[in-house]
Amino acid sequence: MTILFCSDSEPPGPWRLACARAFPRMAFRTWPDTGARDEIRYALVWQQPPGSLAGLPNLKAILVLGAGVDAVLSDAALPADVPVLRLVDAGLPGPMAEYALYAVLHFQRRMADYFQQQRAALWRRREEMLARQWRVGVMGLGVIGATVARRIAAQGFPVAGWSRSGKSVEGVEVHAGTAGLDPFLARSRVLVNVLPLTSQTRGILGGRTFAAMPRGGYVVNIGRGAHVVDADLIAALDSGQLAGAMLDVFEQEPLPVAHPFWRHPAIIVTPHVAAPTLASESESQVVENIRRLERGEPPLGVVDRDRGY
Ligand SMILES: NC(=O)c1ccc[n+]([C@@H]2O[C@H](COP(=O)([O-])OP(=O)(O)OC[C@H]3O[C@@H](n4cnc5c(N)ncnc54)[C@H](OP(=O)(O)O)[C@@H]3O)[C@@H](O)[C@H]2O)c1
C-alpha cells in the first residue's frame, strides 16, 4: 500500500516524516517515482503536474494540502470517481484574519499616505474616520471568511458578509446570492475577498463590482488571483473609483516582473503569504482522514466537485 506525494511546488520532506510516523507499514513515494501504480491508495497533492493522478486503479482519495482546490480540480485528467478532500481550518483562518485586519487598519489609518509623506519629510495630518464609520464587506463566509469577518467586527468595524447560502455569522450582517450582491457592495468601503475560485467566482473582482462600491473604496484579495480582472482593477484605481488595493494572490505566481501591479502607487503586493499551509498544523487532519478511510468511515472536508469548492 502506497501514499503518493504529488506536487510541483511543495517539498515532500515533512509529509514523508508525518506519514512514516502515522503509517509505518505504508510506502511513501514522490511523483513521478510511483512504483507499482496499483499499490497507490492515497495521493497527497498541491498543484500536481496535470495528468499525474490518471491511471491509478486503486486510488481511494485525493488529499489536497490546502483549503483551495481550484488548481487540483483544473486537471482535466483528474479521476472522476475518487473523492477530493481539502484542509478545513488547519491553522489557516487565524493568519488570514490577521492579514485582512492589517489591510483594513492600513487603509483606515491612512498608512499609505503617511508612508508617502515620510519619503518627502512632510508633516501633515490626514482626516481619519473612526472604525465604526468604516464599513467592511467580506466575500465568502466559509471556515476562513467567517473568522475574518468576526475578527474585523471585533475591532469595531461594521462588517457585512456575502455567501451563496447566507448562513449567519454572529455580529455580521449577512447578504446572500446574486440578489444580495449589490446591496452588499453598495455599503462596503473595504471589500475583502475570501471566496474559493470557481466558474461562478472567476473575475468577480471586476469593473461591475468596483462600480457598485462607494467611490474611493479599497479591495483586499486573499482568495485567488483569478478573482481579479487585472485591467479593471487598474482602471478603477486610476479613475479614483477605488483608492487602494492590497493583493496577496495573482493569476500568475510569482507575479511577473513586468506586471503593472508591482509599480502601481495604490497597490500593495505580497507574495501569497496570507496563510501558508504548515505541515505542523495540517498533518493531523490528513492523517485523520487516511485513518477514517482505512476504517471505512466518512472522511472530513469532502469537496463538492459540481460546486467547485
Ligand atoms: N491567500 C492565501 O494564503 C490563502 C490561504 C488559504 C485559503 N485561501 C483561499 O480562501 C478560500 C476560502 O477558503 P475556506 O476554507 O473559507 O472555504 P469554504 O469554507 O469552502 O468557504 C467558501 C465560502 O465562499 C462562499 N461561496 C462560494 N461560491 C460562492 C458564490 N458563487 N457566491 C457567493 N458565495 C460563494 C461559500 O458560500 P456557502 O457558505 O453558501 O457555501 C462559503 O461561504 C479558498 O478556496 C482559497 O482560495 C487563500
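A short reminder: the numbers here are calculations on the coordinates, not readings from a lab. Computed from a prediction, not measured in an experiment: that's the story for all the values here. With ideal geometry, Cβ positions are generated from the backbone for all residues, glycine too; neighbour counts draw on all protein chains shown.
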Return the pairs, sorted by first residue and then second, in which the second residue is part of a helix (DSSP H, G or I) and surrounded by 12 or more Cβ atoms within 10 Å (Cβ to Cβ), the first residue lies in segment 129-140 and is in contact (Cβ under 8 Å) with a residue 12 or more places away in the chain, the beta carbons are less than 6 Å apart, and the residues are 6+ apart or on different chains.
TRP134/GLN108; VAL136/VAL104; VAL136/ILE152; GLY137/PHE184; VAL138/GLY145; VAL138/VAL148; VAL138/ALA149
Residue check: is LEU87 in contact with a helix residue (DSSP H, G or I) (Cβ under 7 Å, 6 or more places away or on another chain), within 12 Å of the ligand (Cβ to nearest atom) and touching a residue at least 60 places away in the same chain (Cβ under 8 Å)?
yes
Quick one: SER168 ticks every box in (1) polar (S, T, N, Q); (2) surrounded by 22 or more Cβ atoms within 10 Å (Cβ to Cβ); (3) more than 9 Å from the ligand (Cβ to nearest atom) except a single one, so which number is it?
(2)
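Can you work out which of the residues in segment 240-266 that are outside any loop (DSSP other than H, G, I, E, B) and within 16 Å of the ligand (Cβ to nearest atom) is surrounded by the fewest Cβ atoms within 10 Å (Cβ to Cβ)? Working first, answer last.
Going residue by residue through segment 240-266, those that are outside any loop (DSSP other than H, G, I, E, B) are 242-247, 260-263.
Those left that are additionally within 16 Å of the ligand (Cβ to nearest atom): 245-247, 261.
Numbers: ALA245: 26, MET246: 25, LEU247: 24, PHE261: 18.
In this case the residue turns out to be PHE261.
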Do you know which residues across segment 216-235 are away from the ligand (no atom under 13 Å from the Cβ) and closer than 11 Å to LEU205 by Cα?
VAL219, VAL229, ASP230, ALA231, ASP232, LEU233
In segment 13-31, residues that are in contact with a Cys (Cβ under 9 Å, 6 or more places away or on another chain) and either free of Cβ contacts under 8 Å to residues at least 12 places away in the same chain or part of a loop (DSSP other than H, G, I, E, B) (or both) total 2
Scan segment 217-233 residue by residue and report those that are out of contact with any Gly (no Cβ under 7 Å at 6 or more places or on another chain) and closer than 20 Å to HIS106 by Cα.
GLY217, VAL219, VAL220, ASN221, ILE222, LEU233
Scan segment 230-257 and report the pairs whose first residue is over 20 Å from ARG187 (Cα atoms) and whose second residue is of a type in the set (D, E, K, R) and part of a helix (DSSP H, G or I), with Cβ atoms within less than 8 Å and a gap of 6+ or a chain change.
GLU251/ASP230
Please determine whether any residue of segment 47-56 is within 16 Å of the ligand (Cβ to nearest atom) and either within 25 Å of ARG307 (Cα to Cα) or of a type outside the set (Lys, Arg) (or both).
yes
Taking PHE184 as the residue in question, decide whether it is farther than 20 Å from GLY142 by Cβ and either assigned to a helix (DSSP H, G or I) or within 8 Å of the ligand (Cβ to nearest atom) (or both).
no
Pick from segment 124-164, criterion of a type in the set (D, E, K, R) and within 15 Å of the ligand (Cβ to nearest atom), ranking: farthest from PRO183 (Cα to Cα):
ARG151
